[in-house]
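Participant: Please read through the structure below; I'll follow up with questions.
The values are calculated or read from the model by the stated rules, or taken from the named source; none is laboratory data. Because the structure is a prediction, the values reported are computed rather than measured. No Cβ is skipped: glycine too gets one built from the backbone with ideal geometry, and neighbour counts run over all protein chains shown.
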């Protein structure tokens, strides 16, 4: 699972896509879909910073790139391309190299604490 913590300046994203890449020196596109709202977002991944490509891939992204994502759960998929794909392109993305879950954690002021109130006959959350 990828964690995006909006209280931090940058995000370290660890993936395992190089071992599945079929293109030499690929560019990666991350497509994210909100589990609650079903909206899509696309992000170009920066250059791979990993020194151990046979084990994992490492990407550092500024948190500001994720500003449109509201706190909550998302599904993500990673795709490879031989060149940068325009984010507005409606191209066939092909088969994803990796997919999984992503959690966006909001800043502490954005967190709503839900606590139960017990009543004789039912449980109320507020």
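Participant: Could we say that residue 69 is assigned to a loop (DSSP other than H, G, I, E, B) and more than 15 Å from residue 14 (Cα to Cα) here? Quick ask: steps written out before the conclusion?
Facilitator: Numbers: assigned to a loop (DSSP other than H, G, I, E, B): yes; more than 15 Å from residue 14 (Cα to Cα): yes.
Answer is yes for this residue.
Participant: Just one of 95, 101 is surrounded by fewer than 16 Cβ atoms within 10 Å (Cβ to Cβ), assigned to a loop (DSSP other than H, G, I, E, B) and either modelled with pLDDT of 85 or more or under 15 Å from the mean Cα position of the chain (by Cα) (or both); which is it?
Facilitator: 95
Participant: Considering only the stretch 14-40, how many residues are outside any loop (DSSP other than H, G, I, E, B) and either within 15 Å of residue 96 (Cβ to Cβ) or without any contact (Cβ under 8 Å) to a residue 12 or more places away in the chain (or both)?
Facilitator: Quick first cut of the stretch 14-40, residues outside any loop (DSSP other than H, G, I, E, B) only: 14-15, 18-20, 27-34, 40.
If we keep only those that are either within 15 Å of residue 96 (Cβ to Cβ) or without any contact (Cβ under 8 Å) to a residue 12 or more places away in the chain (or both) too, we end up with 15, 18-20, 27-33, 40.
Number of matching residues: 12.
Participant: Being loosely packed, with under 15 Cβ neighbours inside 10 Å, out of contact with any strand residue (DSSP E or B) (no Cβ under 6 Å at 6 or more places or on another chain) and modelled with pLDDT of 70 or more is the requirement here; does residue 110 meet it?
Facilitator: Working: loosely packed, with under 15 Cβ neighbours inside 10 Å: yes; out of contact with any strand residue (DSSP E or B) (no Cβ under 6 Å at 6 or more places or on another chain): yes; modelled with pLDDT of 70 or more: no.
In short, no.
Participant: Inspect all residues belonging to the stretch 45-65 and state whether any of them is at pLDDT below 95, loosely packed, with under 10 Cβ neighbours inside 10 Å, in contact with a helix residue (DSSP H, G or I) (Cβ under 9 Å, 6 or more places away or on another chain) and in a loop (DSSP other than H, G, I, E, B).
Facilitator: yes
Participant: For residue 38, all conditions in the list (1) modelled with pLDDT under 90; (2) at positive phi hold save one; what is the number of the exception?
Facilitator: (1)
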